[in-house]
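Chemist: Input: one structure, supplied below.
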Amino acid sequence: MALSPAAGRLSAHEIADEPYYRAVGDEVEIFAASYACRLPVMLKGPTGCGKTRFVEHMAWRLGRPLVTVAAHEDLTAADLAGRFLLAPEGTVWHDGPLTTAVREGAICYLDEIVEARQDTTVVIHPLTDARRALPLEKKGELVAAHPDFQLTISYNPGYQSAVKDLKESTKQRFVAIEFDYPEPSVEAEIVAREAGAEPELARSLVEVGLRSRNLRGRGLAEGASTRMLIHAAKLVGGGAALDAAIRAAIVLPITDEPDMREALGAAIAATLPQALRLQ
Amino acid sequence: MTVEAPARAVRLVGPRAELAGLVGGRADVGPAFLRAIGRLDARWSDEEIEAWAGGALALAHANLGGRCLDTFFRLAGRLPHQSAAALAGDARGAAEIGRRAGAKAALAALEAVPAAALRLPGHRDRACWWAGLARLAREAPDCVVLIAGQTVAALAAADGAAFESFVAAGLKAGGRSRERLRAFFSLEDPAARRMLERAGGAVGFQDLERPLRLFGLALWGSPPRLIALDGVGAAPASQRVSIVGGLIRMPHVYRGAPARETPALYRAALAHAMAHRAFSGDPRAVGRLRPLQIAMTGLVEDARVEALAMRRFPGLRSLWAPWHVARPGDAMTAAMLMARLSRALFDPDYDDPDGFVAKGRDLFSRAADRLEDLTLSRAIGGLLGHDLGQMRLRFDAKSYAVEPLYRDDNMALWDFDEPPDATAEEIEQAVEAARPTPKDSDDGRSEGEPQEQRSGRAREAAPDDRGVAIASYPEWDRAAGVERQGWTTVRDAPAAVGDPRALDEALDRLGGFRERIARLVRGARVGRAPRLKRQPEGFDLDLDAAIDAAIALRTGELPDERIYRASGVRARDVATVVLVDVSESTRERVGASSVLDIEKLAVAALASAMDALGDAFAVRAFASCGREDVRLIRVKDFGDRLDAAAMGRLAGLSSGLSTRLGAALRHAGAELGPIRSQRKLVLALTDGEPSDIDVADPLDLVEDARRATLSLRAQGVDVFGVTLGAAGSYGVFGRANTMPARRLEDLPDRLSELYFRLARL
């Protein structure tokens, strides 16, 4: 799809080649419809199931530049909106990534928004309702959003705890699209495509992933993500033995607990065909 | 002197001579002594015989009667390979036991020596065995005879040192109850058996339960219900898994399996049982099938479900394969042939020349495309059973055990209208075992039945149970408006010990709860040193502040000098006493569990979180029976770890008596007094208004508790109340410091949340 001419400031954020994304439901249609009316979107789902890739794909499909901000616990409102900096001639205002996206009409993607401090998330409120404007308090400016601007956030309810949760007033502003790990056959297709792996290996890795996801919430915070399975498949492609690749890419990263490692390792061993392990 | 003149010169002084003088002429023991000395002369040197005689003398001096000496002298003949030191040790051990527990005990011990010598031939090992018996003779004399009678079973897996620790454990478990001690040392108590089976360092079900559960869950997506398999009465527990109504009962230990392979064996057994669960369907009617056909159908069914399971999880083959070891050339019995058939059906590479095995394999492989058919195994099994019957090989249904070891007894496949005699007892026991196992929403007790602790030791109001008086506290007299000094007496009540595993399981059932707590703990501990902005000094410029300052400078204002960033250091420094109300009203039921059950759960969750954080805390349960008898049970002290014993005491709490909250609060405050800590907290869990039997107006005690709270607060101790149920009021702790938990199910969550809020620094 052709890119509409975006302003020069965002040329680095334009996505030229189609990012691979395998749709599993109606998420593409929902996102496109939301974008058509510029409704903000919230992507919910466990880590490594393709949320970020989906946004990239949609940005490419809609022909908009994509500004991504990974939220962290020290992220302040100024980091998003912008701040005064010192220059030889005095103080100069410097737009933050959100303000840039608002001015230039990009899709702004705030990854793992719950990680940010709660006061930070309030900054986005005026952008997500009928006002569609970003007030820059320090500068005394009200930036009206470019007609093409859209806000997307991601949110992992698995991490939800008493300490970290989205405010109700924030949650209710978004159209939500739920992500989960795809059906085994689809996931195998994705693993095979992304890692360049044999279909049989991909299928077995997906089985391994399913085993670990059975333990989610019962000793494991999360099961192995699609991303982890792709990593394991890449290791095998790079010459590692399957057992070692699974251990390095899946078992060791997701748990530190000996009992859990033993049980998970045994369940994985029971899942894999002997022939594949000896390759 | 009637010293026999042997071939060699005999010393005229020394133990041997003395012994000969003492017993050689006695009609009851003389002959046995002479026979023994005759044998030993041929076997040992003079020194060895002197050593032996020294031991015998000690026994003789103990005056335990002729039968003991006679038995001892006969040992010389019965145990020709024993060393002099070992036999002398036996005599001394028996003498010691005789002194403590009487001649009968000593005799029983001596009679057990041949069995003990078989397992413990060395004299050091045997000395440990004797030391164990001697301790028993001192502390529970009537149990020596019992355990001596069970020597074969007692030493089957244990060595001498393990026997000693078994005795110690038994004495502790039995406590002051003679019945419990007798049950333990006669091995009627399953706990005793379990302990012995694991005594030799064997890895058992208990060690592996959690990984096994996780393994089953990971593989099949639903957690298996596992329980240990106890033997019936004095019979040793079965070595095969047994499935009853969805409950997988596993042996405590697989006797003789090397420790290294045990985890794999248990996994193989669990995977097999789960394969049955997934593919075997409902039990079939036995009808007119004969035992051999039943066994054969089971064998084919095992092969069928394993084949199906391996289609889904190919790696299971390598889990099961090592246990299939039957091969041609073994003796030709029905059981052997069946083991070979099992292997042939499992292992396509296995070669067997037998026609019967080949036929079975052929029948099975021809059915490969319809393995899902539930009637398949009965059809093939019926045919093969008939064939094997024709071969006139003896099949002993009573001694038949399914092979290989990891497979289950296949009883679950059948619907016995009338259980066959051999298994009736076992099935009954299984049903019994199935009963107390908690379902998701059920704590296993039937409604309305008075709850008793599983340990069976409900706290009684017996006088000796009141415990030692440790402190007295004033109480507020509302009518008179004065504080009456020394009014209440707080006693240190003994704690009953319950089963901590039940608590653990209940915590697991709370679905994701542990993870939530763990996250809170991580959040609190890692604590991420907070970044302090706008500091007068620090390691880094605070950009925003610096810019503000620069702007201020340029606009001619006075800049703020605090332009640095710093990291705050925070160390957790909290000491907490958790007070748990265990008065009669906590017996009330909420759904399937009692208020106390939920309290325990909440405290267990909170305590494990505090323990993980390394915060100092103590847990006290309180109940009262008048002002002279305010009982505090020390579940956990400051400085102790939250170990299995503490969890056991928590699990052992039982409901009873009244709530004299004020006294308990004052005592908690007194305990916090000497603790050095920046922040001191008392968290009180109580389910209603304070009350006691000797107080007519409950308001008196409410007022007293309120005053206690205020006085603690004046000492810098924060008191928070978590009131349970709808009746909670704010009277005692004040509105800000009361957290009502109206829905009891929420309590574990809320209590922990409260703590984390309070203890945040």
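Chemist: Given only helices, namely DSSP H runs of n ≥ 4 each adding -39500 (n - 2.57), what is the per-residue ellipticity at 222 nm of chain B, to the nearest 500 deg cm²/dmol? Please report the intermediate quantities before stating the final value.
Modeler: Numbers: 28 runs with 364 residues, N = 761.
Counting only the DSSP helices, I get -15000 deg cm²/dmol.
Chemist: On to the next question. Express the relative contact order of region A:5-178 as a whole percentage, based on alpha carbon pairs under 8 Å and six or more residues apart in sequence.
Modeler: Numbers: 299 pairs, mean separation 51.0, N = 174.
Worked out over region A:5-178, it gives 29 percent.
Chemist: Right, next: Would you grab the residues whose amide H sits under 5 Å from the one on residue A:143? Only those 5+ places off in sequence or on another chain, please, with H modelled 1.01 Å from N.
Modeler: So residue A:143 has HN proximity to A:134, A:136.
Chemist: A further question on this structure: Relative contact order for region B:284-415 using alpha-carbon pairs under 8 Å, separation at least 6, rounded to a whole percent?
Modeler: Numbers: 120 pairs, mean separation 55.4, N = 132.
Over region B:284-415, the number comes to 42 percent.
Chemist: Still on this structure: Tell me, what HN-Hα J-couplings in whole Hz come from the Karplus equation 6.51 cos²θ - 1.76 cosθ + 1.60 at θ = phi - 60° for each residue of region B:344-351, using x for Gly and Pro?
Modeler: Listing the rounded values in order: 5, 6, 8, 10, x, 8, 6, 10 Hz.
Chemist: Could you grab the relative contact order for chain B? Cα pairs under 8 Å, six or more apart, rounded to a whole percent.
Modeler: 7 percent
Chemist: For residue B:12 and residue B:540 in the same chain, what is the full-extension length gain: residue separation times 0.36 nm, less their Cα-Cα distance, in nm? List each step's numbers first, then the result.
Modeler: Numbers: separation 528, 0.36 × 528 = 190.08 nm, distance 9.66 nm.
So the chain would gain 180.4 nm between residue B:12 and residue B:540.
Chemist: Determine the share of the protein assembly as shown's accessible area contributed by carbon and sulfur atoms, expressed in whole percent, with a 1.4 angstrom probe.
Modeler: On the way: 24500 of 46700 Å².
Exposed carbon and sulfur together represent 52 percent of the surface.
Chemist: Determine which lysines satisfy two conditions relative to residue B:533: a Cα distance under 24 Å, and not lying fewer than 8 residues away in the same chain.
Modeler: A:138, A:139, A:164
Chemist: Through the Karplus equation 6.51 cos²θ - 1.76 cosθ + 1.60, θ set to phi - 60°, convert the phi angles of region B:360-372 into ³J(HN,Hα) values in whole Hz; use x for Gly and Pro.
Modeler: Computed from phi, the couplings for region B:360-372 are x, 5, 5, 4, 5, 6, 5, 8, 4, 8, 10, 5, 6 Hz.
Chemist: Binning at 10 Å from 0, report for region B:11-198 what percent of all alpha-carbon pair distances ends up in each bin.
Modeler: 10, 39, 31, 15, 5, 0
Chemist: At 1.4 Å probe size, put B:661, B:146 in order of accessible surface, largest to smallest. Let's see the in-between values first.
Modeler: Details: B:661 0, B:146 40 Å².
If we order B:661, B:146 from most to least accessible, we get B:146, B:661.
Chemist: Something else now. When the Karplus curve 6.51 cos²θ - 1.76 cosθ + 1.60 is applied with θ = phi - 60°, which whole-Hz ³J(HN,Hα) does each residue of region A:12-24 get, with x for Gly and Pro?
Modeler: Whole-Hz 3J(HN,Hα) from phi for region A:12-24: 5, 8, 6, 10, 7, 9, 5, x, 5, 9, 9, 5, 10.
Chemist: Residues of the protein assembly as shown: accessible area per residue at 1.4 Å, in Å²? Walk me through the intermediate numbers first.
Modeler: Working: 46700 Å² over 1040 residues.
I get 45 Å² per residue for the protein assembly as shown.
Chemist: Grab the beta carbon distance between residue B:35 and residue B:178, set R0 = 45 Å, and tell me the FRET efficiency rounded to 0.05. Spell out each step's value before the answer.
Modeler: Working: r = 40 Å, r/R0 = 0.90.
Efficiency at R0 = 45 Å is approximately 0.65.
Chemist: Where is the GNM fluctuation largest for chain A (alpha-carbon springs, 10 angstrom cutoff): A:269, A:176, A:202?
Modeler: A:269
Chemist: While we're here: Report the dimensions of region A:1-140 along its three principal axes from the alpha-carbon atoms, largest first, rounded to Å.
Modeler: Principal extents (Cα only, largest first): 51, 34, 29 Å.
Chemist: Can you tell me the FRET efficiency between residue B:737 and residue B:206 if r is taken as the Cβ-Cβ distance and R0 is 51 Å, rounded to the nearest 0.05?
Modeler: Working: r = 43 Å, r/R0 = 0.83.
Computed FRET efficiency for residue B:737 and residue B:206 comes out at 0.75.
Chemist: Roughly speaking, what is the stretch gain from residue B:637 to residue B:312, that is 0.36 nm per residue apart minus the C-alpha to C-alpha distance, in nm to one decimal? Intermediate values should be presented prior to the final figure.
Modeler: Details: separation 325, 0.36 × 325 = 117.00 nm, distance 5.13 nm.
Working it through step by step, the gained length comes to 111.9 nm.
Chemist: Compute for chains B and A the buried accessible surface, both sides summed, probe 1.4 Å, and express it in Å² to the nearest 100. Walk me through the numbers before you get to the answer.
Modeler: Working: alone 36000 and 13600 Å², together 46700 Å².
Heavy-atom accessible area buried at this interface is about 2900 Å².
Chemist: In whole Å and largest first, what semi-axes does the C-alpha gyration tensor of region B:284-415 yield when each eigenvalue is scaled by 5 and square-rooted?
Modeler: On the way: eigenvalues 81, 66, 41 Å².
For region B:284-415, the ellipsoid semi-axes come out as 20, 18, 14 Å.
Chemist: Report the label-to-label distance for residue B:518 and residue B:138 in nanometres (one decimal), using points 7 Å from each Cα along the Cα→Cβ vector.
Modeler: Between residue B:518 and residue B:138, the simple spin-label model gives 4.5 nm.
Chemist: Continuing with this model, one more query. With labels modelled as points extended 7 Å from the Cα through the Cβ direction, what inter-label distance (nm, one decimal) is found for residue A:92 paired with residue B:288?
Modeler: Modelled inter-label distance: 10.2 nm.
Chemist: For residue B:225, enumerate residues with amide H under 5 Å from its amide H, sequence gap 5+ or separate chain, H modeled in the peptide plane.
Modeler: It is B:248, by chain and number.
Chemist: Classify chain B as rounded, prolate or oblate, taking a ≥ b ≥ c as the square roots of the eigenvalues of its Cα gyration tensor: rounded when a/c is under 1.5, otherwise prolate if a/b is larger than b/c and oblate if not. Don't skip to the end; give the middle numbers.
Modeler: Numbers: a/c = 2.15, a/b = 1.35, b/c = 1.60.
Oblate, since a/c reaches 1.5 and b/c is not below a/b.
Chemist: Estimate the FRET efficiency between residue B:588 and residue B:693 by the formula 1/(1 + (r/R0)^6), using the beta-carbon distance for r and 22 Å for R0, to the nearest 0.05.
Modeler: Values: r = 18 Å, r/R0 = 0.83.
Result of the calculation: an efficiency of 0.75.
Chemist: Calculated from DSSP H runs of 4 or more alone, at -39500 (n - 2.57) each and per residue, what is the 222 nm mean residue ellipticity of chain A, nearest 500? Please report the intermediate quantities before stating the final value.
Modeler: Details: 12 runs with 107 residues, N = 279.
It comes out at -11000 deg cm²/dmol, rounded to the nearest 500.
Chemist: Would you mind classifying region B:98-210 by shape? Square roots of the alpha carbon gyration tensor eigenvalues, ordered a ≥ b ≥ c; an a/c under 1.5 is rounded, otherwise it is prolate if a/b is larger than b/c and oblate if not. Write down the numbers at each step before the final one.
Modeler: Numbers: a/c = 2.04, a/b = 1.24, b/c = 1.64.
Taking the square roots of the gyration eigenvalues as a ≥ b ≥ c, region B:98-210 is oblate.
Chemist: Could you tally the net charge around residue B:269, taking each other residue with its Cβ under 9 Å from the Cβ of residue B:269, Lys/Arg +1 and Asp/Glu -1? Numbers along the way, then the final one.
Modeler: Numbers: positive: B:240, B:267, B:407; negative: B:408.
With Lys, Arg at +1 and Asp, Glu at -1, the net is +2.
Chemist: Longer than 25 Å from Cα to Cα, which of B:600/B:680; A:51/A:234; A:44/B:600; A:51/A:167; B:172/B:636 are they? Say none if no pair is. Mind dumping the intermediate values first?
Modeler: Values: B:600/B:680 22 Å; A:51/A:234 20 Å; A:44/B:600 36 Å; A:51/A:167 21 Å; B:172/B:636 19 Å.
Cα-Cα > 25 Å for A:44/B:600; rest within.
Chemist: What is the distance in Å between the Cα centroid of region A:220-279 and that of region B:585-616?
Modeler: Value for the Cα centre distance between the two parts: 37 Å.
Chemist: Could you order peptides B:610-622, B:101-113 by the average number of other Cβ atoms within 10 Å of their residues, highest first? Numbers along the way, then the final one.
Modeler: On the way: B:610-622: 21.2, B:101-113: 23.2.
Going by the mean number of other Cβ atoms within 10 Å, highest first, we get B:101-113, B:610-622.
Chemist: Among A:63, A:90, A:140, whose mean-square fluctuation peaks in a Gaussian network model of chain A (Cα, cutoff 10 Å)?
Modeler: A:90
Chemist: Quick one, what does Rg over Rh come out to for region A:184-271 if you take C-alpha atoms and the Kirkwood Rh?
Modeler: Values: Rg = 11.9 Å, Rh = 12.6 Å.
When Rh is taken as the Kirkwood radius, the ratio is 0.94.
Chemist: Continuing with this model, one more query. Please list, short to long, the whole-number percent of alpha-carbon pairs of region A:77-154 in consecutive 5 angstrom bins beginning at zero.
Modeler: 3, 15, 27, 26, 16, 8, 4, 1
Chemist: Okay, moving on. Under 14 Å from the 7 Å Cα→Cβ point of residue B:415, by amide nitrogen: which residues of region B:274-304?
Modeler: In region B:274-304, the label zone of residue B:415 (backbone N under 14 Å from the point 7 Å along Cα→Cβ) covers B:281-288.
Chemist: Modelling each spin label as a point 7 Å along the Cα-to-Cβ direction, I'd like the residue B:372/residue A:198 distance in nm, to one decimal.
Modeler: So the label points at residue B:372 and residue A:198 sit 2.8 nm apart.
Chemist: Using a 10 angstrom cutoff on alpha carbons, build the Gaussian network for chain A and name the most mobile of A:263, A:130, A:245.
Modeler: A:130
Chemist: Going by amide H atoms built from the backbone, whose H comes under 5 Å of the H on residue B:241, apart from near neighbours?
Modeler: Result for residue B:241 returns B:409.
Chemist: Also, I was wondering about something else. For region B:570-633, what class follows from the C-alpha gyration tensor (a ≥ b ≥ c being the square roots of its eigenvalues): rounded when a/c is under 1.5, otherwise prolate if a/b is larger than b/c, else oblate? Intermediate values should be presented prior to the final figure.
Modeler: Details: a/c = 4.35, a/b = 1.45, b/c = 2.99.
Judged from the Cα gyration tensor, region B:570-633 comes out oblate (a/c at least 1.5, b/c at or above a/b).
Chemist: When the chain is fully extended, how far beyond the present Cα-Cα distance does residue B:45 get from residue B:675, taking 0.36 nm per residue of separation?
Modeler: Working: separation 630, 0.36 × 630 = 226.80 nm, distance 6.75 nm.
Between residue B:45 and residue B:675, full extension yields 220.0 nm more.
Chemist: Roughly speaking, what is the centre-to-centre gap between region A:42-92 and region B:88-113 when only Cα atoms are used, to the nearest Å?
Modeler: Going from one Cα centre to the other spans 84 Å.
Chemist: What are the extents of the Cα atoms of the protein assembly as shown along their three principal axes, in Å, largest first?
Modeler: Result, largest extent first: 126, 94, 59 Å.
The values are calculated or read from the model by the stated rules, or taken from the named source; none is laboratory data. Everything quoted here is computed from the prediction, not taken from an experiment. Methodologically, a virtual Cβ is constructed for each residue, glycine included, from the backbone with ideal geometry; neighbour enumeration extends over all protein chains shown. Heavy atoms of the whole protein, side chains included, go into the accessibility calculation; ligands, DNA and RNA do not. Shrake-Rupley method; radii C 1.70, N 1.55, O 1.52, S 1.80 Å.
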